[in-house]
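The values are calculated or read from the model by the stated rules, or taken from the named source; none is laboratory data. Keep in mind that this is a model prediction, so the values were computed, not measured. For neighbour counting, all protein chains shown are included, and Cβ atoms are generated from backbone atoms with ideal geometry for every residue, glycine included. In case anyone asks, the SASA skips ligands and DNA or RNA and just uses the protein heavy atoms, side chains included. Shrake-Rupley method; radii C 1.70, N 1.55, O 1.52, S 1.80 Å.
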Amino acid sequence: QVQLRESGGGLVQAGGSLRLSCAASGLTFKNYAMAWFRQAPGKGREFVAAVSSRGPDTYYADSVKGRFTISRNNAKDSVWLQMNSLKPEDTAVYYCAADPLGAGSRTMNGYDYWGQGTQLTVSA
């Protein structure tokens with residue numbers, strides 16, 4: 001059974017930093033591209049960042065480029081999202097997702113597995 005478990009969400013002031021973690025189990029992690037998506041209240045789920053299966057290629061939404069960094073460790077079956085210079089508009093539930101094609105799609109339908117999400121709230 002594939003499981004993606006996010007952690008690290010919380011409440012942070014604008015300008016602050018936080019790191020989200022996603023631990024994977026039940027899949028051959030090194031074969032999957034991994035991504036973070038987010039969903040703000042009343043809005044659809046949107047792409048945040050992705051990293052290819054072997055790690056050298058990363059992709060970011062324009063809204064987070066230069067502030068967020070995605071990274072992975074295939075030996076630990078884990079992916080992280082380091083978030084700096086946080087803004088109130090970053091407030092959302094953040095989801096970890098796994099893509100078996102390994103490339104790192106920006107669209108939700110590229111991902112077979114999803115975590116339950118972790119809440120990030122950024123106060124002004």
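On a per residue basis, the chain carries 50 Å² of accessible surface, using protein heavy atoms and a 1.4 Å probe.
Kirkwood hydrodynamic radius of region 72-121, from the reciprocal of the average inverse Cα-Cα distance over all distinct pairs: 12.6 Å.
What percent antiparallel are the DSSP beta bridges of the chain, to the nearest 5?
Values: 38 of 42 bridges.
Of those bridges, close to 90 percent are antiparallel.
I'd like the FRET efficiency for Leu101 and Ser63, computed as 1/(1 + (r/R0)^6) with the beta carbon distance as r and R0 of 25 Å, rounded to 0.05.
Numbers: r = 24 Å, r/R0 = 0.97.
Calculated value: 0.55.
Couplings 3J(HN,Hα) for region 106-120, derived from phi with the Karplus relation 6.51 cos²θ - 1.76 cosθ + 1.60 (θ = phi - 60°), are 8, 10, 4, 6, x, 10, 8, 10, 9, x, 7, x, 9, 7, 10 Hz, where x marks Gly and Pro. The Stokes-Einstein estimate for region 42-107, based on a Kirkwood radius over Cα pairs and taken at 4 °C with 1.567 mPa s viscosity, is a diffusion coefficient of 102 µm²/s. By the rule of a C-alpha distance below 18 Å, with chain neighbours fewer than 8 residues away ignored, the lysines paired with Lys30 are Lys76.
Test of understanding: what is the full-extension gain from Gln3 to Arg45, defined as 0.36 nm times their sequence separation minus their Cα-Cα distance?
Numbers: separation 42, 0.36 × 42 = 15.12 nm, distance 1.96 nm.
Result: 13.2 nm gained on full extension.
Across region 8-115, C-alpha contacts under 8 Å between residues 6 or more apart give a mean separation that, scaled by the residue count, equals a relative contact order of 34 percent.
By the rule of a C-alpha distance below 21 Å, with chain neighbours fewer than 8 residues away ignored, the lysines paired with Lys87 are Lys43, Lys65. Note on region 64-124: with neighbouring protein chains present and a 1.4 Å probe, carbon and sulfur make up 49 percent of its accessible heavy-atom surface.
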